[in-house]
Amino acid sequence: MNLEAAVNETFRYNATLHNEARQAKIYELKSEAPIGWNVAFKIEGSQVASFRLDSNRTQDISIEVLPAPAAKPGKYSIPLKAISGADTAALTIEAVVKGSYAVELTTPTGRLSDEVTEGSSAQLHLVVRNTGTIALDNLELSAQAPSQWDAAFDPSKISRLEPGKTMDVTVNLKVPDKTIAGDYVSNFSVKNPNANASAAFRITVKTSFLSGWIGLLVILLAMAIIYYLVRKYGRR
């Protein structure tokens, strides 16, 4: 049995074991996978290392193989055994590792912070990089920004990104009016069914020049009114 998948995917096989003996037997399941690989035997969804099989009965067995993260592309043979006393049933499966899926989301400089004035927009520049060895198709970009903020990506979807290649993405981030000055976090993500990555961007919101002057005038006006009232009624 031969299957092909990426190094970070699980290879799934189906096998059957038949007990031809006249009595029930306890079978121990073993594998000889490469170092760092993980092999799991499952019966009816539960992982087992051994099980009892009645005489003249057949048992379906699911086999899940997870390659080592550092496994190189190539064909790997994995011997499997079901052992009961002196009896051994053997089977060899093959896993063809075709590479790995991986994606990275960052900025051209690596800096993940910026400043914006409330009520205005900021253009953020991101870089999507295929850090795996297999092409990535249909990558979608999304954002989790503070309430009432708006984030628009250009492009919002990458149809295909070859291994080692990058794609520049612009995010137009609009901050609503009357946003309180301070630091905010927006999370940007890129993903497809095989890989995903995210980046947390810290946005420092500053008060606009006009709002600052209006606030100062309000304070000065309030102080003038208090001074007038004190002068007028303080003598009584």
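The table for this structure:
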{"item": "FRET efficiency for D150 and A222, using Cβ-Cβ distance with R0 set to 30 Å, rounded to 0.05", "result": "0.30"}
{"item": "Cα centroid separation - the stretch 52-79 against the stretch 114-166, whole Å", "result": "39 Å"}
{"item": "Dipole of the stretch 40-121 [Lys/Arg +1, Asp/Glu -1 at C-beta], most positive-end residue of L112, I78, V97", "result": "I78"}
{"item": "Tensor-based shape of the chain (alpha-carbon gyration tensor, a/c under 1.5 rounded, otherwise prolate or oblate)", "result": "prolate"}
{"item": "The stretch 105-202 - accessible surface per residue (Å², probe 1.4 Å)", "result": "55 Å²"}
{"item": "Highest average packing first - 181-187, 59-65, Cβ atoms within 10 Å", "result": "59-65, 181-187"}
{"item": "Total formal charge among the other residues, if their Cβ is under 12 angstrom from that of A195, Lys/Arg +1 and Asp/Glu -1", "result": "-2"}
{"item": "Sulfur and carbon atoms: percent of accessible area, the stretch 46-129 [1.4 Å]", "result": "45 percent"}
{"item": "Probe 1.4 Å, protein heavy atoms only - accessible area per residue of the stretch 1-87 in square angstrom", "result": "62 Å²"}
{"item": "Members of K157/K178; K42/K191; K30/K75; K72/K157; K42/K75; K165/K191 lying beyond 27 Å, as alpha-carbon distances in this model show", "result": "K157/K178; K42/K191; K72/K157"}
{"item": "Using alpha-carbon coordinates, inclination of helix 209-233 to the longest axis of the chain, degrees", "result": "50 degrees"}
{"item": "Sites A24 and S142 - FRET efficiency at Förster radius 41 Å, r taken between beta-carbons, to 0.05", "result": "0.15"}
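The values are calculated or read from the model by the stated rules, or taken from the named source; none is laboratory data. Keep in mind that what you see is a predicted model, and the values were worked out from it rather than measured. Every residue, glycine as well, gets a Cβ built from its backbone with ideal geometry; the counts of neighbours run over all protein chains shown. Each accessible area value is taken on the protein alone, full model and side chains, heavy atoms only, with ligands, DNA and RNA left out. Shrake-Rupley method; radii C 1.70, N 1.55, O 1.52, S 1.80 Å.
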